[in-house]
Amino acid sequence: MNAVEIKDLDVSINNREILKDINLELVEGKFLGIVGPNGSGKTTLLRTIIGIIKPTSGNIKIFGSIPFDAIQKGMFGYLPQSQKIEMNFPARAIDVVLMGIYSRLGTFKWPSKKDTDRAKEMLSIMDMSGHENESFGDLSEGQQQRVSIARALINNPRILILDEPSTGIDVVGQENFYHLLKGLQKKLSLTIIMVSHDIGTVTSYVDEIACLNKTLHYHGSPLGALNDAVIRRLYGKHVDIMMHTDLCEKCERLHSEQKD
Amino acid sequence: MLEIFSYGFMQRALLTGAVLSIFSGIISVFIVLRRVSFLGSGISHAAFGGVSIGFLLGINPLLTALVYSIIVAFGIEQISSKGRLAEDTAIGIFFSSSMALGIVLVGLSASYNVDIFGYLFGSILAITTGDALIAVCTTLFLMGVIFVIMKELYFITFNEELAFVGGISVRLIKSIFLLSMAIAIVVGIKLVGIILISALLVIPGAAAQLLTKRFYRMVFISCLISLFSTISGIIVSYLFNLAPGGTIVILLSTVFFVAFFSKTLNNA
């Protein structure tokens with residue numbers, strides 16, 4: 001079944017054309033990376049998929065539903081580019097995770113002990129056990145990302161949407177983070193859509209890649225995106241792509257970790 | 001000293017002040033966390049335009065202030081949400097034009113008298129039984145509404161986009177909050193006046209944020225600070241013949257600075 005179907009999508013904001021003639025299908029359970037230069041419309045595409053931005057024309061179906069209905073059915077788990085949370089915002093890690101079930105609970109109902117246990121379990125899956133009562137603002141960016149994914153996953157979404165999730169995380173942290181996502185995809189049979197500007201890193205982890213610069217220049221297997229013609233169309237000039245291979249020292253470290 | 005509690009005007013003032021201060025303590029938390037302090041200040045000053053319309057037309061100024069403040073609150077929200085103007089610019093325009101309207105209308109009004117000072121600086125000790133009843137019932141109703149939507153409001157305050165994708169009716173909850181804020185401001189005018197009401201909407205939450213990093217504790221501490229300052233302010237102002245509105249805000253500010261310096265010393 002198709003998790004996402006986008007047909008003839010155009011999006012204009014303040015009379016400026018941001019996305020043009022986007023057509024894309026993503027099968028359930030796949031990990032899609034959306035790459036492109038700054039200002040190429042990656043975040044706009046994500047925000048249109050989750051219903052925050054209304055398309056100028058065309059349509060989007062999420063498991064056969066329009067984005068608004070998909071939201072109501074709790075299909076999305078979402079991690080925005082920047083959470084802009086004040087350091088002294090009064091929220092513990094567990095409070096943030098529990099926010100993910102507020103809509104399901106309904107008004108004037110509060111999380112039960114069972115819900116709190118589930119939130120702790122999600123934090124444990126994210127390797128954040130012991131941080132439940134720490135203030136969210138006091139956590140490192142990497143830890144905040146893990147807590148945010150726990151929040152995004154607590155309601156058992158069918159699609160996880162991530163917008164530049166590795167921003168602010170160091171290189172090793174980024175690799176661990178992508179491995180974590182890959183593991184979640186398999187463990188929870190999740191469909192994942194992730195926006196990134198780092199084409200080299202993303203190609204090593206995703207099943208499919210979509211190259212976007214106002215319109216889709218390529219959608220298919222990750223290695224196909226590294227074709228010089230695609231890169232030229234995407235960035236407007238030749239770009240050298242650095243990526244990990246089996247000979248890469250860092251990857252060997254990660255492979256050995258996996259074997260362990 | 002205890003005999004002051006036997007006076008009818010004092011009982012009305014304390015009851016109204018207590019209920020209103022608890023509500024402003026709750027609202028204050030969201031105003032501080034959502035960083036909309038200037039919005040509170042803008043709506044309260046805009047209420048002066050509404051009060052002056054009431055004076056001119058000879059109807060209850062609180063009623064006209066209520067309608068006017070709600071229109072201004074949603075006007076600011078509409079203009080800024082469309083992205084045409086920044087929120088603080090929209091507030092600045094409504095704030096000054098409403099004050100200007102108020103000054104012109106009060107000048108035209110035949111009832112230009114000390115009453116206007118009651119609205120500008122508060123007149124809690126002069127509150128009538130009818131006004132006290134309306135203020136208490138309205139505030140208790142609003143408190144109930146905020147309790148019903150509290151966790152959704154908390155989520156929206158944390159991050160609106162996440163709340164939207166999480167299935168929360170962001171626009172509805174924001175509208176209820178805005179409406180509650182406008183009504184709280186108008187009801188609070190009787191307590192501390194148009195000029196000082198924004199203090200009641202900002203200081204309790206700001207002081208509470210210095211003292212805790214837990215949300216429900218912050219709400220509780222904010223209510224406690226607001227209630228303590230209001231009740232003490234009313235009593236102290238009566239005992240020493242001071243202006244109640246000003247006394248309440250001075251006490252609130254004192255609590256804030258105590259919290260601020262104790263936090264600074266703890267961090268040192």
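Please treat every number below as a calculation from the coordinates, not as lab data. Predicted model only: the values in this text are computed from it and were never measured. Because the Cβ atoms are built from the backbone with ideal geometry, glycine has one as well, and the counts that use them run over all protein chains shown.
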Could you tell me which trypsin sites (Lys or Arg not before Pro) in the stretch A:48-101 are loop residues by DSSP with no more than 12 other beta carbons within 10 angstrom of their beta carbon? A:84
Dipole magnitude of the stretch B:86-224 about its Cα centre (Cβ charges: Lys, Arg +1; Asp, Glu -1), debye to nearest 20: 420 debye
Using 1/(1 + (r/R0)^6) with R0 = 41 angstrom and r between the beta carbons of residue B:211 and residue B:100, what's the FRET efficiency to the nearest 0.05? 0.55
Cut-off under 5 Å, modelled amide H: who pairs with residue A:217 long-range: A:211, A:212
Low-density loop positions, chymotrypsin sites (Phe, Trp or Tyr not before Pro), the stretch B:9-41 - DSSP coil, at most 12 other Cβ in 10 Å: none
Have a look at A:195, A:172, A:97 and tell me which one the Gaussian network model of chain A (Cα, springs below 10 Å) gives the largest fluctuation. A:172
Cβ-defined net charge surrounding residue A:164, 10 Å radius [Lys, Arg +1; Asp, Glu -1]: -1
State the answer as a single residue: which of B:181, B:37, A:219 lies farthest towards the positive end of the charge dipole of the protein assembly as shown, with beta carbon charges of +1 for Lys and Arg and -1 for Asp and Glu, about the Cα centre. B:181
If the reach is capped at under 15 angstrom between alpha carbons, list the aspartates and glutamates near residue A:61, excluding any in the same chain fewer than eight residues apart. A:5, A:8, A:10, A:25, A:28, A:69
Size of charge dipole - chain B - debye, nearest 20, with Cβ of Lys, Arg +1 and Asp, Glu -1, no other charges: 540 debye
Of A:103, A:80, A:133, which is farthest towards the positive pole of the stretch A:1-148's charge dipole, taken about the Cα centre with +1 and -1 on the beta-carbons of Lys, Arg and Asp, Glu respectively? A:103
Test item: Cα-centred dipole of chain A, Lys/Arg +1 and Asp/Glu -1 on Cβ, debye: 820 debye
Chain B, relative contact order in percent, only Cα pairs under 8 angstrom and at least six apart counted: 31 percent
State which stretch of chain B is the longest one without any exposed trypsin sites (Lys or Arg not before Pro), exposure meaning a DSSP loop state and at most 13 other Cβ atoms within 10 Å. B:85-268
Counting sequence-distant residues (5 or more places) and residues on other chains, those with an amide H built under 5 Å from that of residue A:3 are A:26, A:27, A:28
Antiparallel bridges, percent of DSSP beta bridges restricted to the protein assembly as shown (to nearest 5): 55 percent
With -39,500 (n - 2.57) per DSSP H segment of 4 or more residues and division by the full residue count of chain B, the 222 nm estimate, nearest 500 deg cm²/dmol, is -27500 deg cm²/dmol
Take every residue in peptide A:91-103, count the Cβ atoms of other chains within 10 Å of its Cβ, and give the average of those counts. 5
Note, residue A:56: beta-carbon cut-off 9 Å, +1 each Lys/Arg, -1 each Asp/Glu, net -1
